[in-house]
Amino acid sequence: MARWIGVLVFFAIAAMAGATKTLRLACWEGAEALKSVQDAAAEFERAHPGVRVKIEAVPFGNYHEKLLAQYAAGVAPDVSLMNPENFQRYSQRGVIYSLNSFMERDSEFHLKDYYEPIVKAHSVGGQLYVLPRDIAPIGLIYINKKAFAEAGLSLPDGSWTWDFQPRPELREKCFTWVMQQLTQRAPDGKTTRYGFTPAWPGAFIDLLVYSQGARYADSVENPTKARFDDPRIIQAYAFFQDLSLKQKVIPSPSALSTELMVSPIDLFLQGKVAMAQSGIWEVPNIRKRHPTTSKDWFDWDIVLAPAFRDGTRAMPTGGSGYCIFKSTPYPEDAWKLVKWMAGAPAMQKLAAAGLAQPAIRALAVKPPWIPDASTPREEQFPKNRIITDTAVPSVVFEPTSSAWPEVKAYATQAIDQVLLGTLPAEKGMKDAQKRAQDRLDVILKQEDLKPFPWAMAGLLGLVVLIGVGAWVFAPERGRKLTAREKAEARAAFGFLTPWLFGLIALTLGPMVFSFMMSFSDWDIIQPARWRGAQNYQEAFSGDPRFWVSLKVTAIYTAVAVPLGLLVSLALALLLNVKVKGMPLYRTFFYIPALASGVASALIWRGVFKADGGLLNTIIYGSDGRGDFLGLASALAPLGQAGDPINWLGNEKTALASLILMSLWGAGGGMVVLLAGLQGIPQHYYEASTIDGAGIWGRFRHVTIPMLGPALMFSLITGLIGSFQVFTNAFIMTAGGPGESTMFYMLHLYNNAFVGLRMGYASALAWILFILILGLTVAQLRLNRMVYYEGDLR
Amino acid sequence: MKGARALPMHGVLTLGSAIFLVPFYVMLVMSLKSPEEIAKTNMLSWPQAITWDNYREVLTNPGVVFSLLLKNTVLISALSMVGTLISSVMVAYAFARLKFPGRDRLFLILLSTMMLPGIVTMIPTYVLFAKLHWVNTFLPLVVPAFLGSAYNIFLLRQFFLGLPRELDEAALLDGASHWAILSRVIVPLSGPALTTVGVFTFIGAWRDFMGPLLYLNDPERQTLEVGLRLYKTMNEEQWHLLMAASVMVTLPLIVLFLVGQKAFVRGIVMTGGK
């Protein structure tokens, strides 16, 4: 506490002194890269006395929520890390500086030092908004040299090509042929070693698409037409389906998922896959997980990804850089910081740690990025690092328009099904195209809207508040209170003060504000515009996903809440018994409710994984042919022929899996019911026993009625909570597969922070509110039948 | 339950515990494995070579200073717990025991504050706190606790309703004020409920992610949960460190829960004619 006050005092003095300027730099770096970034910032401070730099690290998954909220509140950072995917959200709305004027006035600065593709990717209409810091071509093939030797193949040199059919006459120059040669199968046909895997399906498919010269949209900066039904794209997906589902040369999506614990690179390290496609960022992890000292170490390297048969080489890529917010009080100093952090000083640090390929070409072709003789042995791998530079001219960026993430998300629903094999490629991609184009059209439709009438809305809000107040106090206005009643009422309001104060000061304001916003079109950054009841109209008649998500949430609630309550009750009863060590047992049952979201999501994915996951190991045995309790046969109709069920990847089972997961948190509900059980006075049980009641009789006539209030609590809060379920679907399934886990809250969240349609999201929120309110009132009416021991009625 | 009768009960409890403990077991086991072993072995297997390196690395990471985050988290959680207990007990008592105009409808309003998804009130609330210059301080995370929490008020109100009124009435006849009834009659009987609220609130504040994410900028002021997420980045997932950090973040809560159960005893036993 004292330390905190000390820090505060320090800042106060520093502020008063006025000499030091502080620049806030926000970034999403992980714990490891953070060290390098902080070191670079410290160097900057030393080189620029009078300027302090504060690095604010924000986890990547929630980065933009925080940035948007900060901007809305006027407390945005001065400089922020940014990437091609996201920068247009801000640049389009005039929130970040175009760096052109800074560059023109700065004679020491040379933009041509930077790789052109990443510069272009961060520009719109010739204006550069983000100074690139790193580029990450995703066209590196990690090869297991031992596997090549075993198959009698010479090592590739990057001059290979791919084609839809293998060309054996080209031998090692044909990637398709090599993939097949490297695949090893058991006598029964099951693949024991895959020839190839991309780090995620999209990485390889993008390569197939781009190197044929096809693109997903008609423009990178400002697409108006999606192109998912381009015949070349369809053929690429069909090819992928064939390789992963029929030939089993690539692991199927049920064995592969981007955020799975055993990542595809782990499969590579385990020798289960001979070649893997990814970016250079895998290397630090490979060094940790596969050191040269490891007993099953094999020699490995990276090779440039194959070109298409006509020689066109193209690949997807990542990259990031820094931008400057217009709200900064020190633009010139911010520019100096950006030049530093997206320039040689910081780039060298990240390169030395092997974490990011510099966006300045000169730095990417020599040490520390490229190993030389003086580099320690562990860091010598991969030897062929120079291809990270060779790859750059072939990189292709996805559309950077702010509409694209949303459009892609809509297409992904259909695409996921193509990848899983539940839809043929042509049909699936045509479906994806329709969804994507429809959404894009909606987003592009520039609605001519008037500015939000704040004065009138504010007045209306006030009227609503007064109305609510009247509703609360109206029924008893006429009645005259006795002196005693008046005294009691006074005492009551005294006790209510903290809550009432909080309600008026903190809670009602934002609630009313969000109600007003539900009638607006608001993207958080720009001023709101009036939309009247159109948001509500759109929800009910113009948004099919509204109904889908409502259905998913309703099903989830209808099953998970009663089930959860039953489990909690059972646990509470079980844990109420007088047995030695009970506190320890209770803790054991409660622990899952404590586990952190990120860690537990990972663990659950491991449980539900199709290939070798815990659940499937129990049901199908470790060889995949068991049949525990007949469950395998019972579940067969739900899955695909012969394969173990992919719990989270199968439309029919994904929701059930999430429900199963939620039961593990029953420990939370258990505690409440346990408290209720503990509060039942003993004498009721004694009296009941004297009256001759057995165990069941006591349960029915004492326990259940006395638990009434606690049960009602659990039911109501359970309902309120389950309608707002979000986190697990967000982390684990993103609403998929198909829309089978598209919870209402997820749809709301996507509208708010991905689509930047906070107005529409507010309308969705208020619709949910009315729904939950209605259900709760119904429950409370039911409540009248529940016996309250000390009730006032 | 003693002796032979206790045995089957222990059996059931042990089996149930094992099932529920699987996620935590995996977390623990992964935190003790080297990255190599995690990549190459089954999630459930006991480590071939237990390594404490992961813990060491997390505790000494200069980018994410664990001890500082711990201090901040303890402070915020403790203050939130105290604030919630005080305010929620007061408000719950009014709703449960006192009669006043508008009581039932105000209660409905209390419930309804839980029904609006936080996403849409997040930004106006943030703007509100920014205008108060409370951003980058602990205030937005702690002060609301002192103004009552709907969930806990609801919980305590339900519990208070279940307490017999005889003692209240006896105290009233003796001329006690409502405050005295609350502090001398209700609270002592509410051990289990108060412990529940206290423990829940502490745990909730400890594990709170969105609050500290939004309101705390300085790395020195961040909390454990946010720091934890920095081990899961855009391109790399350092599972071994993430798990070690998760275990360390969760362990104090487990201890708290275990210890809190001492206060979780039955209220004063009521016999018939008291």
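Since every read-out is calculated from the coordinates, none of them should be taken as a lab result. Quantities reported herein were computed from a predicted structural model and do not represent experimental measurements. Cβ sites come from the backbone with ideal geometry, for glycine too, and all protein chains shown count toward neighbours.
Compute the FRET efficiency between B:LYS99 and B:VAL259 as 1/(1 + (r/R0)^6), taking r as their Cβ-Cβ distance and R0 = 30 Å, and round to the nearest 0.05. Don't skip to the end; give the middle numbers.
Values: r = 38 Å, r/R0 = 1.28.
The pair B:LYS99/B:VAL259 has a calculated efficiency of 0.20.
Counting only other chains, and only Cβ atoms inside 10 Å, what mean value do you get across the residues of A:220-230? Working shown, then result.
Values: counts 0, 0, 0, 0, 0, 0, 0, 0, 0, 0, 0.
Whole-number average of other-chain Cβ neighbours for A:220-230 is 0.
Restrict the search to the stretch A:95-156; then list the GluC sites (Glu not before Pro) that DSSP places in a loop and that have at most 10 other Cβ atoms within 10 Å of their Cβ.
Numbers: sites: A:GLU104, A:GLU108, A:GLU150; in loops: A:GLU108.
Hits after loop and neighbour filter: A:GLU108.
Among the listed pairs B:LYS71/B:LYS131; A:LYS580/B:LYS33; A:LYS408/B:LYS131; A:LYS145/A:LYS190, which have their C-alpha atoms separated by more than 31 angstrom in this model? Please report the intermediate quantities before stating the final value.
Details: B:LYS71/B:LYS131 27 Å; A:LYS580/B:LYS33 33 Å; A:LYS408/B:LYS131 37 Å; A:LYS145/A:LYS190 23 Å.
Long pairs (Cα-Cα over 31 Å): A:LYS580/B:LYS33; A:LYS408/B:LYS131.
Using bins 5 angstrom wide from zero, how does P(r) for the stretch A:37-145 break down, in % of all Cα pairs?
Over the stretch A:37-145, the share of Cα pairs per 5 Å bin runs 2, 9, 16, 18, 21, 18, 10, 3, 2, 1, 0 percent.
Going by a ≥ b ≥ c, the root eigenvalues of the Cα gyration tensor, does the stretch A:216-334 fall in the rounded group (a/c under 1.5), the prolate group (a/b larger than b/c) or the oblate group?
Since a/c reaches 1.5 but b/c is at least a/b, the shape of the stretch A:216-334 is classed as oblate.
Translational diffusion coefficient of the stretch B:116-222 at 25 °C, 0.890 mPa s, Stokes-Einstein with Kirkwood Rh over Cα pairs, in µm²/s as a whole number.
Working: Rh = 16.6 Å.
The calculation lands on 148 µm²/s.
As an exercise, use a Förster radius of 30 Å and the Cβ-Cβ distance of A:ARG361 and A:LEU444 to find the FRET efficiency, rounded to the nearest 0.05.
Numbers: r = 36 Å, r/R0 = 1.21.
The calculated FRET efficiency here is 0.25.
Which angle from 0 to 90°, rounded to the nearest 10, does the C-alpha axis of helix A:508-517 make with the longest principal axis of chain A?
In chain A, helix A:508-517 runs at an angle near 60 degrees to the longest axis.
Given the -39500 (n - 2.57) contribution per DSSP H run of 4+ residues, what per-residue ellipticity at 222 nm results for the protein assembly as shown, rounded to the nearest 500 deg cm²/dmol?
Values: 48 runs with 566 residues, N = 1067.
Helices in the protein assembly as shown give a 222 nm mean residue ellipticity of -16500 deg cm²/dmol.
Pairing the Cα long axis of helix A:201-211 with the longest principal axis of chain A, what angle in degrees results, from 0 to 90 and rounded to the nearest 10?
40
Quick check: net charge around B:GLY118, other residues with Cβ under 12 Å of its Cβ, Lys/Arg +1 and Asp/Glu -1?
Values: positive: none; negative: A:GLU65, B:ASP208.
After counting each charged neighbour, the total is -2.
Treating only the Cβ atoms of Lys and Arg (+1) and Asp and Glu (-1) as charged, compute the dipole magnitude of the stretch A:83-215 about its Cα centre; round to the nearest 20 debye.
On the way: 15 positive and 14 negative charges, 80 e Å.
Using only the charged Cβ atoms, the result is roughly 380 debye.
Compute the relative contact order of chain B as a whole-number percentage, counting only Cα pairs closer than 8 Å that sit 6 or more residues apart in sequence. Intermediate results must be reported in sequence, preceding the final value.
Numbers: 268 pairs, mean separation 80.8, N = 274.
Answer for chain B is 30 percent.
How charged is the neighbourhood of A:GLY271? Take every other residue with its Cβ under 10 Å from the Cβ of A:GLY271, and add Lys/Arg as +1 and Asp/Glu as -1. Walk me through the numbers on the way to the answer.
Numbers: positive: A:LYS146, A:ARG193, A:LYS272, B:LYS40; negative: A:ASP296.
Residues close to A:GLY271 contribute a combined charge of +3.
Can you give the average number of partner chain beta-carbon atoms within 10 Å of each beta-carbon in peptide A:464-476, as a whole number? Please list the in-between numbers first.
Values: counts 0, 0, 0, 0, 3, 3, 0, 4, 9, 4, 3, 4, 5.
Partner Cβ neighbours, averaged per residue: 3.
Considering only B:THR233, B:ASN42, B:ILE203, whose Cα is most displaced toward the positive end of the charge dipole of chain B, charges sitting on Cβ of Lys, Arg (+1) and Asp, Glu (-1)?
After comparing all options, I get B:ILE203.
Figure the gain on full extension for A:THR482 and A:LEU111 (residue separation times 0.36 nm, minus the Cα-Cα span) and round it to one decimal in nm. Mind showing how you got there, number by number?
On the way: separation 371, 0.36 × 371 = 133.56 nm, distance 8.23 nm.
Length gained between A:THR482 and A:LEU111: 125.3 nm.
How high is the FRET efficiency between A:ALA2 and A:ALA47 when r is their beta carbon distance and R₀ equals 41 Å, given to the nearest 0.05? Let's see the in-between values first.
Details: r = 34 Å, r/R0 = 0.82.
Using R0 = 41 Å, I get an efficiency of 0.75.
If one takes the longest principal axis of the Cα atoms in chain A, at what angle in degrees, from 0 to 90 and to the nearest 10, does the Cα axis of helix A:331-341 lie?
That helix lies at roughly 60 degrees to the long axis.
Where nothing but the Cβ of Lys and Arg (+1) and of Asp and Glu (-1) is charged, how large is the charge dipole of chain A around its Cα centre, in debye to the nearest 20?
Working: 75 positive and 66 negative charges, 291 e Å.
Rounded to the nearest 20 debye, it is 1400 debye.
Two decimals is fine: what's Rg over Rh for the stretch B:1-134, C-alpha atoms, Kirkwood radius as Rh? Working shown, then result.
Values: Rg = 24.4 Å, Rh = 21.3 Å.
Across the stretch B:1-134, the Cα-based Rg/Rh ratio is 1.14.
Decide, for the stretch A:553-609, between rounded, prolate and oblate: order the square roots of the alpha carbon gyration tensor eigenvalues as a ≥ b ≥ c, take rounded if a/c falls under 1.5, and otherwise choose prolate if a/b is larger than b/c, else oblate.
Numbers: a/c = 3.06, a/b = 1.31, b/c = 2.33.
Oblate, since a/c reaches 1.5 and b/c is not below a/b.
Taking all pairs of different Cα atoms in the stretch B:1-51, averaging 1/r and flipping that mean, what Kirkwood radius in angstroms comes out?
Details: mean 1/r = 0.0784 Å⁻¹.
Across the stretch B:1-51, the inverse of the average 1/r is 12.8 Å.
Over the protein assembly as shown, with a single point scatterer placed on each C-alpha, what log10 of the ratio I(q)/I(0) does the Debye formula yield at q = 0.06, 0.07 1/Å?
-0.50, -0.68
About its Cα centre, how strong a charge dipole does the stretch A:14-153 have in debye, to the nearest 20, once Lys and Arg get +1 and Asp and Glu get -1 at the Cβ?
Result for the stretch A:14-153 is approximately 200 debye, rounded to the nearest 20.
Kindly identify chain B as rounded, prolate or oblate by the Cα gyration tensor criterion: order the square roots of the eigenvalues as a ≥ b ≥ c, call it rounded if a/c is under 1.5, otherwise compare a/b with b/c, prolate if a/b is larger, else oblate. Kindly include the intermediate steps, with their values, before the conclusion.
On the way: a/c = 2.73, a/b = 1.41, b/c = 1.94.
Oblate is the answer for chain B, as a/c is 1.5 or above yet b/c matches or exceeds a/b.
Quick query: amide H of A:TRP647 versus all other amide H atoms, modeled in the peptide plane; which residues come in under 5 Å with a sequence gap of 5 or more or a different chain?
A:ALA610
Please average, across the residues of A:264-270, the number of beta carbons from any other chain that are within 10 Å of each residue's own beta carbon, and give a whole number. Present the calculation step by step, with values, prior to reporting the outcome.
On the way: counts 0, 1, 5, 1, 1, 4, 3.
Per residue, the number of nearby Cβ atoms from other chains is 2 on average.
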